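Presented below is the structure to which this report refers.
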């Protein structure tokens, strides 16, 4: 959950997720829709799919127990080199060097390791130094300490060097520029993208479509056209085509607007009310269409943008 997601966002969702799926066997038996619903709002939904797939592999191939060896962990869906090493170190005390963004930052500053964050050379140098630090009988504690130091003190901007327990040994601090380590590429400005979406409500229920393909595969969304760059006219035309394929049309003017940022794109969404006599039949004739009450939608597998649109029209 913490990959590409803030601690605050995860803190609100983790207890409920763990209560719903308290062990590997429960997660392995769960339907994908249920897992995606419990993950709803955290984004990067491939993580949830891989978590469920990994649980199924653990039950099928490892008797329901998480493997101890980093090599076996790396073969599980969604567990790359870092996650496998971190689990092996934190759960089993393996001397497996693990370097997330926090550990990379701490070690780069502590030892003034030059290079660009994310580059193969820099990553290799950091892992080599982390491996040398894991000499005690408690490598998991060393790994956790480096993570916590980066998360709470040795932050990306304005590190609290005066409170750092290893300040006196920090080469970056001694050189007077700890924030220079590691070097980073300048962040690109997010691109503005226009989107048009439709809200159709009848009898206290709203019509949604299941996304097929892409990183939102399997999630429920309001009917919309494809992202159309900055052009609102193109976005509206795309929505019109989507609605026409469903036998629907839209009102001429939007009833709400929503903004949503996804990685390097800033989405500006116009929300229109849709109309059409055929709509009540769509839940029966169209397998990827479904009617949701507000209570059902609150518990469904929906991305954050769907939730924002529903709130913008007073449905949630």
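Okay, residues lined up against (1) over 20 Å from residue 211 (Cα atoms); (2) in contact (Cβ under 8 Å) with a residue 40 or more places away in the chain:
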| residue | (1), (2) |
| --- | --- |
| 3 | yes, yes |
| 6 | yes, no |
| 20 | yes, no |
| 24 | yes, yes |
| 33 | no, yes |
| 37 | no, yes |
| 45 | no, yes |
| 55 | yes, no |
| 70 | yes, no |
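Tallying residues that are under 17 Å from residue 249 (Cα atoms) and either assigned to a strand (DSSP E or B) or at pLDDT below 75 (or both) within the range 259-282 yields 11.
For (1) in contact (Cβ under 8 Å) with a residue 40 or more places away in the chain; (2) surrounded by fewer than 17 Cβ atoms within 10 Å (Cβ to Cβ), each residue gets a yes or a no:
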| residue | (1), (2) |
| --- | --- |
| 104 | yes, no |
| 120 | no, yes |
| 127 | no, no |
| 136 | no, yes |
| 143 | yes, no |
| 147 | yes, no |
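Matching residues to (1) farther than 22 Å from residue 93 by Cβ; (2) at pLDDT below 90; (3) under 28 Å from the mean Cα position of the chain (by Cα):
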{"position": "137", "(1), (2), (3)": "no, yes, no"}
{"position": "146", "(1), (2), (3)": "no, no, yes"}
{"position": "164", "(1), (2), (3)": "yes, no, no"}
{"position": "171", "(1), (2), (3)": "yes, no, no"}
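Residue by residue, here is whether (1) farther than 15 Å from residue 309 by Cβ; (2) in contact (Cβ under 8 Å) with a residue 12 or more places away in the chain; (3) crowded, with 16+ Cβ neighbours inside 10 Å holds:
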position	(1), (2), (3)
204	yes, yes, no
208	no, yes, yes
220	no, yes, yes
226	yes, yes, no
231	yes, yes, no
237	yes, yes, no
240	yes, yes, yes
246	yes, yes, yes
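Looking only at residues of the range 175-188 that are surrounded by fewer than 19 Cβ atoms within 10 Å (Cβ to Cβ) and in contact (Cβ under 8 Å) with a residue 12 or more places away in the chain, we find that the one that is farthest from residue 233 (Cα to Cα) is 175.
The values are calculated or read from the model by the stated rules, or taken from the named source; none is laboratory data. The shown structure was predicted, so the numbers you read here are calculated from the model rather than taken from an experiment. Glycine gets a Cβ as well: all are built from the backbone with ideal geometry, and neighbour counts include every protein chain shown.
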